[in-house]
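Asks: Here it is: the structure, laid out below.
Computed from the coordinates by the stated procedures, all read-outs in this text should not be read as laboratory data. This is a predicted model, so every value here is computed, not measured. Neighbour counts are summed over all protein chains in view; Cβ atoms, including those assigned to glycine, are modelled from backbone coordinates with ideal geometry.
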Amino acid sequence: VENRFPGAPIARGRYPVVLTAHAKFNFFEKKQAFGIGTLLKSPMAFTVLMTLGMVIILPRMMSGVNQEELKEMQKQMNANGGGGPSQLLNKLLGRKEADDDDD
């Protein structure tokens, strides 16, 4: 049904309307194939692999250090504060050390 302007005669179309497709529409996407490459590209897998690498490699690196070198490293750490990473960060940022007394 078509009205070109108000008051114009009504033009009726053919019924039923026949439509033909010009191209095939792929509604569903193909599922990605499982492979080691797609697994390694995942951020979760990357995080797990890095953590496992640190857990396995770092202790092996420390086992190859001589006892004298290990003692020297411990002395240097104690000279730098020895309180762990929080004290080193406070020194780096120039903060004064606060007492941890909970009175």
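Asks: What does the charge dipole of the chain about its Cα centre add up to, to the nearest 20 debye, if the Cβ of each Lys and Arg holds +1 and the Cβ of each Asp and Glu holds -1? Before the final figure, lay out each step's value.
Replies: On the way: 13 positive and 11 negative charges, 305 e Å.
I would put it at about 1460 debye.
Asks: Helix hunt in the chain: which complete DSSP H runs extend at least 24 Å axially by C-alpha with mean Kyte-Doolittle at least 1.0?
Replies: 43-63
Asks: How long are the semi-axes of the equivalent ellipsoid of segment 1-66, defined as square roots of 5 times the Cα gyration tensor eigenvalues? Whole Å, largest first.
Replies: Working: eigenvalues 1023, 49, 7 Å².
Ellipsoid semi-axes (Å, largest first): 72, 16, 6.
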